[in-house]
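Remarks on the structure that follows.
The values are calculated or read from the model by the stated rules, or taken from the named source; none is laboratory data. This is a predicted model, so every value here is computed, not measured. With ideal geometry, Cβ positions are generated from the backbone for all residues, glycine too; neighbour counts draw on all protein chains shown.
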Amino acid sequence: MSEWPDLAGRIEGDTHILPVRVYFEDTDCGGVVYHANFLKFCERGRSDFIRLLGIDATNLADPEQGEPAIFIVRRVEIDFLKPGRMDDVLEIVTTCAEIGRASLTLDQQVRRGDQPLAKAKVTVVLVSSSGKPQRIGQLVRGALQRFVNPERET
């Protein structure tokens, strides 16, 4: 069985794009995407962006520290602009705005065609299993550096 090449979305230039269909379970009683589901869609976009870069999100331990590490969400700023509806095909667009010592800041848009429905700025921090911030290693930094464009607007 061949793999589905677009299951994790695609990278175009400095941008990751993940298509997502809106299902009944994603909507409220009015048929509109429930606001918290925009956060879920963005999480999927971030996870698949990292996956397509060849980074194993379950194995981010710093070789010098040896302790397992994971990215956790530190901060989310989100603007809800327009509603999504049942059966819409949305795109989760993710770009890397900044790479810090232990953090990444990602700009994300949920859009239907060219129309943004939500815009988010998400900061994630790499922490060890004991909760201590960990320096982002060269593997992750090197994979993401080409995506950083500080002049981009969300």
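If a residue must be at pLDDT 90 or above, farther than 17 Å from M86 by Cα and small (G, A, S), how many such residues does the stretch 14-64 contain?
2
For the stretch 117-131, what are the residues that are buried (at least 17 other Cβ atoms within 10 Å of the Cβ) and more than 23 Å from Q145 (Cα to Cα)?
L117, A118
Give the residue that is farthest from V33 (Cα to Cα), with candidates limited to residues of the stretch 90-131 that are free of Cβ contacts under 8 Å to residues at least 60 places away in the same chain and among the charged types (D, E, K, R).
Taking the candidates together, the pick is R101.
Within the stretch 1-36, can you find the residues that are touching a helix residue (DSSP H, G or I) at 6+ places or on another chain (Cβ under 7 Å) and either more than 14 Å from V89 (Cα to Cα) or assigned to a loop (DSSP other than H, G, I, E, B) (or both)?
Narrowing the stretch 1-36 to residues touching a helix residue (DSSP H, G or I) at 6+ places or on another chain (Cβ under 7 Å): 8-9, 11, 16, 18, 20, 26, 33-34.
Residues satisfying the conditions are A8, G9, I11, H16, Y34.
Please list, ordered by first then second residue, the pairs with beta carbon atoms under 6 Å, 6 or more apart or interchain, first in the stretch 14-32 and in contact (Cβ under 8 Å) with a residue 60 or more places away in the chain, second part of a loop (DSSP other than H, G, I, E, B) and hydrophobic (A, V, I, L, M, F, W, C).
D14/F147; V22/M86
Would you mind telling me which numbered condition in (1) among the small types (G, A, S); (2) within 18 Å of the chain's Cα centre (by Cα); (3) at positive phi G31 fails?
(2)
Go through the stretch 97-121 and report how many residues are farther than 11 Å from R141 by Cα and within 13 Å of the chain's Cα centre (by Cα).
The qualifying residues number 10.
Would you confirm, using the coordinates I've provided, whether D87 is modelled with pLDDT under 85, exposed (fewer than 14 other Cβ atoms within 10 Å of the Cβ) and farther than 21 Å from T15 by Cβ?
no
Give the residue that is farthest from the chain's Cα centre (by Cα), with candidates limited to residues of the stretch 122-152 that are among the polar types (S, T, N, Q) and in a strand (DSSP E or B).
S128
Each row is one residue, and each column tells you yes or no for (1) buried (at least 18 other Cβ atoms within 10 Å of the Cβ); (2) basic (K, R).
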position: D14; (1), (2): no, no
position: I17; (1), (2): yes, no
position: V20; (1), (2): yes, no
position: D28; (1), (2): no, no
position: N37; (1), (2): yes, no
position: E43; (1), (2): no, no
position: S47; (1), (2): no, no
position: R51; (1), (2): no, yes
position: D56; (1), (2): no, no
